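Q: Take a look at the following structure, please.
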Amino acid sequence: MHNSSRRGFMGKAFGAVAGVGAVGSLVAMKKSWDPLPSVKAAGFTTLDMTIYPEGELITEKWRGKPIFVLKKTAEMIASQTESQKARSVIVGGSEFMIAIGLCTHLGCIPSYSATEKSFLCACHGGMFNWAGEVTKVPPPRAFDIPPFKIEGNNMILGEVGPEFQAMKDSGITL
Amino acid sequence: MAHFTKATSVKDWLNQRLAVEKVEKVMASEYWIPKNINFLWAMGMVLAITFALLLVSGIFLLMYYQPHVDLAFDSVNYTIMREVDFGWLWRNIHGVAASVVFLVIYIHMFTGIYYGSYKKGREMIWISGMLLFVTFSAEAFSGYMLPWGQMSYWAGMVITNIFSLGGLHMDGLVEWIRGDYVPAQAFLSRFFMLHVLLLPLAIMGLIGLHFAALRIPHVNNQDGEEIDFDAESKKYLAGDKAGSKVMRFANDFMSKDMMVVGIFLIFFFYLVFYNYSFALDPVNFDPADMLKTPAHIYPEWYFLWSYEILRPFSVNIGLIAFGFAQVIFVLLPWLDRSPNAVPASRRGAFSVWFWLLLIDMIVLTAMGKLPPEGIFSTIGLVAALAFIVLWIALPFITMNEKKV
Ligand code: HEM
Ligand code: FES
């Protein structure tokens with residue numbers, strides 16, 4: 001009796017030590033898999049917005065992801081719906097469609113057809129119009145817009161400016 | 001202290017220390033196998049041999065492979081394929097075995113389903129088998145990342161994105177898995193670790209569990225007969241080898257097993273030498289380009305059926321259907337409500353269910369390979385719905401089955 005309760009205590013004491021150790025190692029293991037600080041710090045890109053030709057899709061790169069930049073033509077601006085207009089980014093008087101060029105389904109890069117003025121994702125057949133809105137599932141939502149800040153004619157990707165914050169608050173992008 | 005005597009032979013010396021004779025009996029010469037089984041029961045051994053081939057060829061690839069985003073592609077496509085003497089042999093063996101192992105796993109699984117080898121004490125065999133299937137899938141996927149070609153990169157992108165769980169937007173989890181915003185060096189290094197160490201270790205442990213799970217219930221037989229292994233083995237040991245319903249695992253059953261393995265290996269090396277290209281996707285001979293998705297991406301053939309269950313639906317429903325397809329096979333021993341552990345051919349409605357499921361999975365596989373357009377989209381959708389309906393219907397079909 002005396003002995004067995006002592007064993008019981010030893011078992012519990014070991015359990016407590018092992019438990020603390022197990023939790024501690026899990027934390028360390030989780031943290032070791034996190035993106036490195038150097039990876040996170042390299043996350044900013046500045047674009048000069050005066051160089052883009054109208055109506056042509058240009059692909060930039062930010063955090064290893066493609067960024068679509070499309071300077072809207074007068075015709076696009078005239079014909080756009082309210083929701084398409086709400087997705088516009090205005091820099092130096094010009095209107096742009098800016099988006100992370102990854103399909104919101106599972107992340108393939110959709111290709112742009114200038115004649116159709118739309119994007120087709122070859123992976124699972126999703127489609128988007130020139131403004132970035134979904135026209136055919138499976139993608140669940142319009143292209144995401146990368147965090148940006150406008151400074152004169154430049155745009156800094158990775159920083160959150162008031163224009164981006166407003167888009168985020170109104171649910172236009174994630 | 002235990003009592004040791006002067007050994008009379010090497011065997012006796014080992015016996016005193018390791019009980020080798022007893023171990024040999026338990027594992028081989030007195031591990032009893034029914035006589036009424038066919039070549040389909042050799043698939044387990046074929047799998048074990050294929051795993052050994054993967055291990056050996058993998059060790060040789062490992063000596064020249066460079067897990068770095070700038071070097072990986074050339075280390076495989078140039079160094080191993082052209083510079084290393086017989087490097088191509090190891091790569092072809094590894095690639096062909098990775099593909100063929102899934103074909104054999106599917107045959108092995110469907111054999112188990114057909115003969116009801118997942119119930120009446122064989123549940124742990126089934127569960128450990130499904131765990132093997134899952135770890136093999138992870139092993140195949142992580143290995144596919146290593147050449148760092150276009151298909152590696154984009155498959156890595158799409159599959160890791162599944163972990164954002166659609167509408168839950170768990171992008172943080174995806175970035176954690178990758179160690180970066182997109183698949184890059186951190187991603188390649190950790191998938192390399194998984195492929196060459198952690199997952200093979202897990203597989204070896206699971207193979208051990210799978211074999212241990214077989215030892216007590218023994219393997220099933222093609223007539224669904226309930227054999228009294230104690231009585232039958234006594235009969236055998238008493239000298240009535242012909243009258244007994246069982247035989248020794250070694251050497252009796254092994255000799256049959258190895259016959260099938262021999263035929264398999266001839267077919268396997270025919271593929272390795274003359275027809276290996278099916279296992280190496282041409283798109284993966286372009287180096288990874290993070291700014292260009294290949295025109296048409298699809299997984300390796302063995303993942304196509306579950307990919308096709310994901311594809312026709314909107315993202316959240318697709319993910320739910322995909323999750324369902326991944327786990328549902330594990331639950332088979334409980335979804336099948338019938339007490340009969342006999343071949344499907346004697347189980348009425350279940351037999352129809354079995355063949356429909358097999359055909360449905362073949363259709364899903366074919367549609368998964370085709371572009372998601374027009375009639376193919378529709379067939380894919382119907383087949384995906386049929387898969388779900390079949391599994392939901394299973395308990396109802398088997399509930400009313402008559403005892404045979
Ligand atoms: C590399 C992977 C695997 C290896 C090495 C392996 C090996 C084996 C071996 C040697 C046997 C005994 C002989 C036989 O009946 O074929 C066996 C039986 C069995 N395996 Fe596997 N197996 C693997 C994967 C799987 C998978 C994925 C499943 C499916 C869930 C599975 C389910 C079963 C079942 C149900 C049996 C019992 C068959 C019976 O009693 O008739 N195994 N396995
Ligand atoms: S990734 Fe674009 S449709 Fe699936």
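Q: In the list A:L120, A:L174, A:L102, which residue meets the criterion of being hydrophobic (A, V, I, L, M, F, W, C), closer than 24 Å to B:L165 by Cα and modelled with pLDDT under 85?
A: Being hydrophobic (A, V, I, L, M, F, W, C), closer than 24 Å to B:L165 by Cα and modelled with pLDDT under 85 holds for just one of A:L120, A:L174, A:L102, which is A:L174.
Q: Do we find that B:F211 is among the aromatic types (F, W, Y), out of contact with any strand residue (DSSP E or B) (no Cβ under 8 Å at 6 or more places or on another chain), within 30 Å of B:A52 (Cβ to Cβ) and away from chain A (no Cβ under 14 Å) in this structure? Break it down stepwise before answering.
A: Working: among the aromatic types (F, W, Y): yes; out of contact with any strand residue (DSSP E or B) (no Cβ under 8 Å at 6 or more places or on another chain): yes; within 30 Å of B:A52 (Cβ to Cβ): yes; away from chain A (no Cβ under 14 Å): yes.
Here the answer is yes, as B:F211 does meet what is asked.
Q: Okay, next question. Report yes if B:L356 is in contact (Cβ under 8 Å) with a residue 24 or more places away in the chain and within 24 Å of the chain's Cα centre (by Cα), otherwise no.
A: Judged against the criteria, B:L356 is a match.
Q: Right, something else. Given B:S75, B:S57, which one is more than 16 Å from B:H218 (Cα to Cα), among the polar types (S, T, N, Q) and under 24 Å from the mean Cα position of the chain (by Cα)?
A: B:S57
Q: Kindly list, by first and then second residue, each pair from a residue in segment A:94-107 that is touching a residue at least 12 places away in the same chain (Cβ under 8 Å) and assigned by TED's automatic domain parsing to the domain that holds A:G158 to a residue that is of a type in the set (D, E, K, R) and not in a strand (DSSP E or B), limited to pairs with Cβ atoms under 6 Å and residues at least 6 apart or on different chains.
A: A:E95/A:K72; A:I100/A:D144; A:T104/A:R141
Q: Only residues that are within 27 Å of B:D289 (Cβ to Cβ), buried (at least 19 other Cβ atoms within 10 Å of the Cβ) and away from every other protein chain (no Cβ under 13 Å): list them for segment A:90-122, please.
A: A:F96, A:M97, A:I98, A:A99
Q: Being hydrophobic (A, V, I, L, M, F, W, C) and surrounded by 10 or more Cβ atoms within 10 Å (Cβ to Cβ) is the filter here, so list the residues in segment A:29-65 that pass it.
A: Selection gives A:W33, A:L36, A:V39, A:A42, A:F44, A:L47, A:M49, A:I51, A:L57, A:I58, A:W62.
A quick yes/no check of all residues on (1) part of a loop (DSSP other than H, G, I, E, B); (2) closer than 16 Å to B:F313 by Cβ; (3) modelled with pLDDT under 95:
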{"site": "B:W353", "(1), (2), (3)": "no, no, no"}
{"site": "B:L356", "(1), (2), (3)": "no, no, no"}
{"site": "B:V363", "(1), (2), (3)": "no, no, no"}
{"site": "B:A366", "(1), (2), (3)": "no, no, yes"}
{"site": "B:T378", "(1), (2), (3)": "no, yes, yes"}
{"site": "B:L390", "(1), (2), (3)": "no, no, no"}
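Q: Of all residues in segment B:250-279, which are surrounded by fewer than 19 Cβ atoms within 10 Å (Cβ to Cβ) and over 18 Å from B:T50 (Cα atoms)?
A: Within segment B:250-279, B:A250, B:N251, B:D252, B:Y274, B:S277 qualify.
Q: Next question, about the same structure. Within segment A:141-161, work out how many residues are within 14 Å of chain B (Cβ to nearest Cβ) and either charged (D, E, K, R) or within 10 Å of ligand 2 (Cβ to nearest atom) (or both).
A: 2
Q: Would you call A:P37 over 22 Å from A:I150 (Cβ atoms), more than 16 Å from ligand 2 (Cβ to nearest atom) and either within 14 Å of chain B (Cβ to nearest Cβ) or modelled with pLDDT of 90 or more (or both)?
A: yes
Q: Enumerate the pairs (first residue in segment B:370-399 and in the same structural domain as B:N340 (by TED's automatic domain parsing) and under 15 Å from B:E308 (Cβ atoms); second residue anywhere and in a helix (DSSP H, G or I) and among the acidic types (D, E)) with beta-carbon separation below 6 Å, excluding pairs fewer than 6 apart on the same chain, so at least 6 apart or on different chains.
A: The qualifying pairs are B:G380/B:E308; B:A383/B:D360; B:A386/B:D360; B:F387/B:D360.
Q: Name the single residue, out of those in segment A:106-140 being in a strand (DSSP E or B) and more than 13 Å from ligand 2 (Cβ to nearest atom), that is farthest from A:F164 (Cα to Cα). Spell out the reasoning first.
A: Keep residues of segment A:106-140 that are in a strand (DSSP E or B), which gives A:111-113, A:118-120, A:127-129, A:134-136.
Filter once more, keeping what is more than 13 Å from ligand 2 (Cβ to nearest atom): A:112-113, A:118, A:129.
On the way: A:Y112: 24, A:S113: 27, A:S118: 24, A:N129: 21 Å.
So, considering only residues that are in a strand (DSSP E or B) and more than 13 Å from ligand 2 (Cβ to nearest atom), the one farthest from A:F164 (Cα to Cα) is A:S113.
Q: Also, quick follow-up: Which one of the conditions (1) under 30 Å from B:E373 (Cα atoms); (2) more than 14 Å from chain B (Cβ to nearest Cβ); (3) not β-branched (V, I, T) does A:P66 fail to meet, given that it meets all the rest?
A: A:P66 satisfies every listed condition except (2).
Q: Also, I was wondering about something else. Can you tell me which residues in segment B:269-294 are in a helix (DSSP H, G or I) and within 24 Å of the chain's Cα centre (by Cα)?
A: Just the residues of segment B:269-294 that are in a helix (DSSP H, G or I), to begin with: B:269-274, B:277-279, B:282-285.
B:F269, B:Y270, B:L271, B:V272, B:F273, B:S277, B:F278, B:A279, B:N284, listed by residue number.
Q: Residue under question is B:I309, and the condition is that it be over 19 Å from the mean Cα position of the chain (by Cα), outside the structural domain of B:F133 (by TED's automatic domain parsing) and part of a helix (DSSP H, G or I); does it hold?
A: Answer is yes for this residue.
Q: While we're on this one: Suppose we keep only residues that are of a type in the set (V, I, T) and surrounded by fewer than 17 Cβ atoms within 10 Å (Cβ to Cβ) within segment B:359-387. Which one would you say is nearest to the chain's Cα centre (by Cα)?
A: Per the stated criteria, the residue is B:I362.
Q: Tell me which residues, restricted to segment B:310-337, are within 14 Å of ligand 2 (Cβ to nearest atom) and aliphatic (A, V, I, L, M).
A: Matches in segment B:310-337: B:L310, B:V315, B:I317, B:L319.
Q: A follow-up question, please. B:N220 fails exactly one of the following numbered conditions: (1) within 14 Å of chain A (Cβ to nearest Cβ); (2) surrounded by 20 or more Cβ atoms within 10 Å (Cβ to Cβ); (3) of a type outside the set (G, A, S). What is the number of that condition?
A: Looking at each condition in turn, B:N220 falls short on (1).
Q: Identify, please: which residue in segment B:177-202 is surrounded by fewer than 20 Cβ atoms within 10 Å (Cβ to Cβ) and within 16 Å of ligand 1 (Cβ to nearest atom) and is, among those, farthest from the other protein chains (Cβ to nearest Cβ)?
A: Selected residue: B:P200.
Q: May I pose another question? Considering only residues that are within 13 Å of another protein chain (Cβ to nearest Cβ) and surrounded by fewer than 21 Cβ atoms within 10 Å (Cβ to Cβ), look in segment A:123-133 and name the one that is modelled with the highest pLDDT.
A: Ranking the candidates gives A:M127 first.
Q: Could you count how many residues in segment B:321-344 are surrounded by 16 or more Cβ atoms within 10 Å (Cβ to Cβ) and over 13 Å from B:W391 (Cα atoms)?
A: Number of matching residues: 7.
Q: For B:Y153, all conditions in the list (1) over 24 Å from A:M29 (Cβ atoms); (2) surrounded by fewer than 23 Cβ atoms within 10 Å (Cβ to Cβ); (3) within 16 Å of ligand 2 (Cβ to nearest atom) hold save one; what is the number of the exception?
A: (2)
Q: Failed condition for B:N316, given (1) over 25 Å from B:Y153 (Cβ atoms); (2) in a loop (DSSP other than H, G, I, E, B); (3) touching a helix residue (DSSP H, G or I) at 6+ places or on another chain (Cβ under 6 Å); (4) not hydrophobic (A, V, I, L, M, F, W, C), with all others met?
A: (2)
Q: Is it the case, given these coordinates, that B:F163 is more than 10 Å from chain A (Cβ to nearest Cβ), at pLDDT 95 or above and in a helix (DSSP H, G or I)?
A: Answer is no for this residue.
Every residue, every condition in (1) in contact with a strand residue (DSSP E or B) (Cβ under 8 Å, 6 or more places away or on another chain); (2) within 19 Å of B:S277 (Cα to Cα); (3) surrounded by 18 or more Cβ atoms within 10 Å (Cβ to Cβ); (4) small (G, A, S), yes or no:
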| position | (1), (2), (3), (4) |
| --- | --- |
| B:R82 | no, yes, no, no |
| B:G95 | no, yes, yes, yes |
| B:K120 | no, no, no, no |
| B:I127 | no, no, yes, no |
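The values are calculated or read from the model by the stated rules, or taken from the named source; none is laboratory data. Quick caveat: nothing in here was measured; it's all calculated off a predicted structure. Every residue, glycine as well, gets a Cβ built from its backbone with ideal geometry; the counts of neighbours run over all protein chains shown.
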